Structure formats: structure tokens, C-alpha cells
Amino acid sequence: MKGIIDRFEGDIAVVEIDGKTMDFPKNFFPKEAKTGDVVVIDGDSVKVLKEETEKRRKEIETLMNELFED
Amino acid sequence: MKKFISAFLLPFVLLLSIAFPATSKAATPPLYVHYIDVGQGDSIYIKTPAGADILIDGGNNDKGDDVVAYIKKQHVDDIEVMIATHPDADHIGGLDTVLKSFKVEQVYAPRVSHTSQTYVDFLRAVKNKGLTIKTAQKGVSLGLKGVSAVFVGPVKSYSVDDTNDWSAVLKLSYGKRSFLFTGDAETKAEADMIASGQNLRADVLKVGHHGARTSTSEAFLNAVRPASAVISVGKGNTYGHPTAEVLNRLKAHKVSVFRTDQQGTIIIRTDGTNLYFNVKPATTNVSPTPAKPTPKPPVKTAPKLPVKKPAPIRLSAIVDNPHPKKNSTIHLYVNGPNGTYKAVFHYKSKNTTYTGTINKPLAVKIGRASAGYTVRIDIYASNGAKTSTSFTPR
């Protein structure tokens, strides 16, 4: 199951899965996991997809450059 | 003695406000601020005395329709200013729905990215309306008639994963009264706002980050010196918001606290001199006498609304594969406050009950489950909470 870390709330990681947010214990996630990371949750292991995260962020920043006035 | 006098005078003040309710209203048009009850999240609707409509945040993804319905009920036909304080889903989730439903003139947001679909949906909705985004940052004014509305934060850039500190913080003043809308700004951003030397003083503080302990620092309260504070927070949220630390800090500063989880939508009206609340403060043990030298406006209240009962503890559940193959293994995630649960799988032919531990994945071999038949899973936690999810084998 793939998701994106929306934010951390104390000991909880809020993960967006198919456009909805779902709470997970933060300790499921590797220490280096950050807000915005694309992750794969499989059983009790979570993998951060670094390349996919960066690719996504680049695409979104391109859209932001187009929309932000300054 | 002081306490005695204010207790003694209060009935007369109330009587006066009942006897002459229209006097100030007729003289100066009011400003309205609605802290909409969107559960865990923020959404604030403001109507300025000149009639401009402002929306700060739009609650979570599933709250967009509620926000649209609420502001339609306030006879809003277009929104002059929309502010997305920062890209977290519980703040911007509903804004795409609002953008689709209303003509919006201006959109403000801090220049920080997020990779979430929620943020992409917001950006695309802005684009589809042919709009652009103005950067929300310190010193930017909304340029509205009759009020002063200026961003006091963010004062600088933060790390891209520190979305809370990027929060657009708006100070709105009308006459002698002012409001501070902080988004989720945390201690670091608060310290930077204080260090910037701006006047942060406000009568009403929207408590940062739903009352999380990482916001509303002692230093910030000393700078803002609010008489009242509003906490926008969901009933029975799993994050422990608002925290006892923040409630105690507010209490120590003799701040009257209003809470959307206990009182629903909080509405404040002001004529620029007095503040009128639709409900009484949520905490009754806060002293009504002003503790600081600054004169505070008299707080007058309408009849008290019934206080809602506390909600049961929230539990959420999901399976890692909503369309598994026959004989495969799926994982059920039931997350919430620690404990155990029973999960009843309603297969086509029979019900099977499994026992699991909250916050630990449960592996279930689904056997020869019928393809195309949606298996509902009802989850009953040992603490009494309930939830459900489902999967449909292919």
C-alpha cells in the first residue's frame, strides 16, 4: 500500500492514502522518514521511495512556479 | 474585593446591553469571525464591515462540502480573499471544493511545497479557476477597506518538511479590537515573529496547531496578550489536542478559552469596541478579572448552547490491498490508542473473527474468498471504540 506522509502529530504519522488521511504509529516508519515522503507500507515494514518523492516534488514545484505571482 | 465588584456590576452591564442592543450596531457596522466546527482542522470565515468575505483554510478533505454549506448559509456569493495557511491536509483539504463552488478573487499561501495529492488538488483547483497565488509572508497586506489585515508571518523560510512553521499568520484589526490567526505556527515561528519586532498584540488568539504543546509558548502569549482564545479541534482526536500544557498556559494568563470540540462553531462579532461571543467560555474556572494592565473589552455572551458530549476515542482501519487475489495474505491496520480488538470478517459464506493488537498490522490469509464480493470488516476495540473497513477480492 502506497501513501504520502502528510504530517507528524506527536507519535502519530498521518499518511495520505488514495486521497484520504489515515493515522499510523510513527514508530512504523524509518527514522529518516519526513513529511512529504512517498512510502510503501507492507506488513510492518515501511519503505521510503526517495526517487519518486523527489520526482513528485519537482513536478509540484513546477506547477507552483506557474501559479505563484512572485 | 475586585472580584466582588465585577460580580456585582456584571448584571448591570448585561442589563444595559439588553436595554440598548442596537445603539452601537447602528452606529458602526460589525465585523464577524466564524471559527467553523470542522472537527480536527481549521476553517475560519470572516465578514468585514465593508462586506468583504475572507476564508482562512477549509478543513480536511472530507469537510469541503460542510464548509461550502456553512458559508452559503451566511449568504456568501463570492470570496474576496482565500488564505491557505500551510499545505497540511487538515487545513487545505476542503479548499479545492470551495474553489469549485465559489467565485474567488484572491488566493494567498506561503511559498512551501508539499507532495500530497491534497496539495496538488488545491493547486489544480486554483489553476482551473484561472487564478494565481500571492505569497503570504510578513508585511503583506490584504488591502481591504475598513480593516487592517496584514500577515505577520511567516517572517522567513523554513525547512520544506517544517510545514507548520511556514504558516501564514494574519493579524486583523477593526477599530480598537484585533484578531490573530496563527494556522499551525510552532514555537520556532512564534519566536521569529516576536524577534521581528512586529506588534502581535491581539484581543482574540486562534490558538496555534489545535492546542499542541509545540505552539502557544509563554513568550508568544506575553507578546499577544489575548483576552480570549479559540481552539479549533476535533472531538476525541487521536493527537491529544488540545494539550494540558497549553490549556494551563492559557489559564495562567487568564485567557478565556473557546473550543469548537465542546461548543461547535464559535462566532464573534465586534463593532470595533466590544466583542460579542455566541457562547460562554468553555472553561469556567478562569478568573473573569483582567490580570494585565491593558484594558480588555467587556465580553458579552448570548444564551449558552448545550455543550456536546465528549466523543468516543477515534479508531481508524485500512487493509493494505483493497483488491487482493484469492488465497493471498492481506494486512489489516487498526490504529488508535493502544489496546486490543476483535475484527469480524463478513465473508460471503460465513463470518470469521480475528483478534489483533491496535497499532500492529494483522496478517490474514483470505483463502477462497469470492471474487467481486465485498467483505466488510467490523472492528470492535477493547476500549469500546468501533470502526469498519472492507476489501473486494478479484
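Of B:Ala189, B:Ala219, B:Ala202, which residue is out of contact with any Cys (no Cβ under 9 Å at 6 or more places or on another chain), more than 14 Å from every other protein chain (Cβ to nearest Cβ), assigned to a helix (DSSP H, G or I) and surrounded by 23 or more Cβ atoms within 10 Å (Cβ to Cβ)? Quick ask: steps written out before the conclusion?
On the way: B:Ala219 fails: surrounded by 23 or more Cβ atoms within 10 Å (Cβ to Cβ); B:Ala202 fails: assigned to a helix (DSSP H, G or I).
Only one candidate passes the filter, namely B:Ala189.
Report, ordered by the first and then the second residue, all pairs with beta carbons closer than 6 Å, sequence separation of six or more or different chains, a first member in region B:35-62 that is touching a residue at least 40 places away in the same chain (Cβ under 8 Å), and a second member that is of a type in the set (Lys, Arg).
Correct list of pairs: B:Val38/B:Lys63; B:Ala50/B:Lys145.
Which condition number does B:Tyr119 fail, the rest of (1) out of contact with any strand residue (DSSP E or B) (no Cβ under 8 Å at 6 or more places or on another chain); (2) farther than 15 Å from A:Asp70 by Cα; (3) hydroxyl-bearing (Ser, Thr, Tyr); (4) more than 8 Å from every other protein chain (Cβ to nearest Cβ) being met?
It is condition (4) that B:Tyr119 fails.
Would you confirm whether any residue within region A:15-22 is assigned to a strand (DSSP E or B) and either touching a residue at least 40 places away in the same chain (Cβ under 8 Å) or more than 7 Å from every other protein chain (Cβ to nearest Cβ) (or both)? Give the derivation first.
Our first condition is that a residue be assigned to a strand (DSSP E or B); within region A:15-22, this holds for A:15-17, A:20-22.
Then drop every residue that is not either touching a residue at least 40 places away in the same chain (Cβ under 8 Å) or more than 7 Å from every other protein chain (Cβ to nearest Cβ) (or both), which leaves A:15.
Yes.
Working carefully through the options B:Lys360, B:Lys326, find the one that is of a type in the set (D, E, K, R) and surrounded by fewer than 14 Cβ atoms within 10 Å (Cβ to Cβ). Walk me through it before giving the result.
Details: B:Lys360 fails: surrounded by fewer than 14 Cβ atoms within 10 Å (Cβ to Cβ).
So the residue among B:Lys360, B:Lys326 that is of a type in the set (D, E, K, R) and surrounded by fewer than 14 Cβ atoms within 10 Å (Cβ to Cβ) is B:Lys326.
Would you be able to tell me the number of residues in region B:380-391 that are under 12 Å from B:His346 (Cβ atoms) and out of contact with any Asp or Glu (no Cβ under 8 Å at 6 or more places or on another chain)? Talk me through it step by step, then tell me what you get.
Our first condition is that a residue be under 12 Å from B:His346 (Cβ atoms); within region B:380-391, this holds for B:388-391.
So of that shortlist, the ones also out of contact with any Asp or Glu (no Cβ under 8 Å at 6 or more places or on another chain) come out as B:389-391.
Number satisfying all stated conditions: 3.
A quick yes/no check of all residues on (1) modelled with pLDDT of 95 or more; (2) closer than 27 Å to B:Arg225 by Cβ; (3) more than 9 Å from chain A (Cβ to nearest Cβ); (4) buried (at least 16 other Cβ atoms within 10 Å of the Cβ):
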site: B:Ala109; (1), (2), (3), (4): yes, no, no, yes
site: B:Thr132; (1), (2), (3), (4): yes, no, no, no
site: B:Leu142; (1), (2), (3), (4): yes, yes, yes, yes
site: B:Val155; (1), (2), (3), (4): yes, yes, yes, yes
site: B:Thr182; (1), (2), (3), (4): yes, yes, yes, yes
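Within region B:236-268, how many residues are within 13 Å of another protein chain (Cβ to nearest Cβ), under 21 Å from B:Glu186 (Cα atoms) and outside any helix (DSSP H, G or I)?
Of the residues in region B:236-268, 7 are within 13 Å of another protein chain (Cβ to nearest Cβ), under 21 Å from B:Glu186 (Cα atoms) and outside any helix (DSSP H, G or I).
Can you pull out the residues in region B:341-357 that are in contact (Cβ under 8 Å) with a residue 12 or more places away in the chain, loosely packed, with under 14 Cβ neighbours inside 10 Å and either touching an Asp or Glu at 6+ places or on another chain (Cβ under 9 Å) or of a type in the set (Val, Ile, Thr) (or both)?
Once the filter is applied, which keeps residues that are in contact (Cβ under 8 Å) with a residue 12 or more places away in the chain, loosely packed, with under 14 Cβ neighbours inside 10 Å and either touching an Asp or Glu at 6+ places or on another chain (Cβ under 9 Å) or of a type in the set (Val, Ile, Thr) (or both), region B:341-357 yields B:Lys342, B:Thr355, B:Thr357.
Inspect all residues belonging to region B:42-63 and state whether any of them is among the β-branched types (Val, Ile, Thr) and over 27 Å from B:Lys176 (Cα atoms). Give the steps one after another, and end with the answer.
To start, the set of residues in region B:42-63 that are among the β-branched types (Val, Ile, Thr) comprises B:44, B:46, B:48, B:54, B:56.
Of the ones still in play, those that are also over 27 Å from B:Lys176 (Cα atoms) are none.
The answer is no, given that none of the residues of region B:42-63 is among the β-branched types (Val, Ile, Thr) and over 27 Å from B:Lys176 (Cα atoms).
Pairs please, first residue from region B:114-133 and on the phi > 0 side of the Ramachandran plot, second anywhere and modelled with pLDDT of 95 or more and in a loop (DSSP other than H, G, I, E, B), Cβ atoms under 6 Å, 6+ apart in sequence or on different chains.
none
Restricting to region A:23-53, count the residues that are outside any strand (DSSP E or B), at the interface with chain B (Cβ under 9 Å from one of its Cβ atoms) and either crowded, with 18+ Cβ neighbours inside 10 Å or not acidic (Asp, Glu) (or both).
The total comes to 8.
Conditions tested, residue by residue: (1) closer than 24 Å to B:Ser141 by Cβ; (2) more than 14 Å from every other protein chain (Cβ to nearest Cβ); (3) buried (at least 23 other Cβ atoms within 10 Å of the Cβ); (4) not small (Gly, Ala, Ser).
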residue	(1), (2), (3), (4)
B:Asp42	yes, no, yes, yes
B:Asp78	yes, yes, no, yes
B:Met82	yes, no, yes, yes
B:Thr97	no, no, no, yes
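Sort through B:Tyr32, B:Tyr119 and tell me the only one that's in a helix (DSSP H, G or I) and not acidic (Asp, Glu).
On the way: B:Tyr32 fails: in a helix (DSSP H, G or I).
Every option except B:Tyr119 fails the conditions.
Could you check B:Asp88 against (1) charged (D, E, K, R); (2) more than 10 Å from every other protein chain (Cβ to nearest Cβ); (3) touching a residue at least 60 places away in the same chain (Cβ under 8 Å) and say which number it fails?
(2)
Go through (1) more than 7 Å from chain B (Cβ to nearest Cβ); (2) outside any strand (DSSP E or B) one by one and return the number of the condition A:Arg56 breaks.
For A:Arg56, the failing item is (1).
Which one is modelled with the highest pLDDT among residues in region A:24-41 that are farther than 23 Å from B:Leu315 by Cα and of a type in the set (Lys, Arg)?
Taking the candidates together, the pick is A:Lys34.
The values are calculated or read from the model by the stated rules, or taken from the named source; none is laboratory data. Predicted, not measured: the structure shown is a model, and the values here were computed from it. Heads up, the Cβs are rebuilt from the backbone with ideal geometry, glycines too, and the neighbour counts pull from every protein chain shown.
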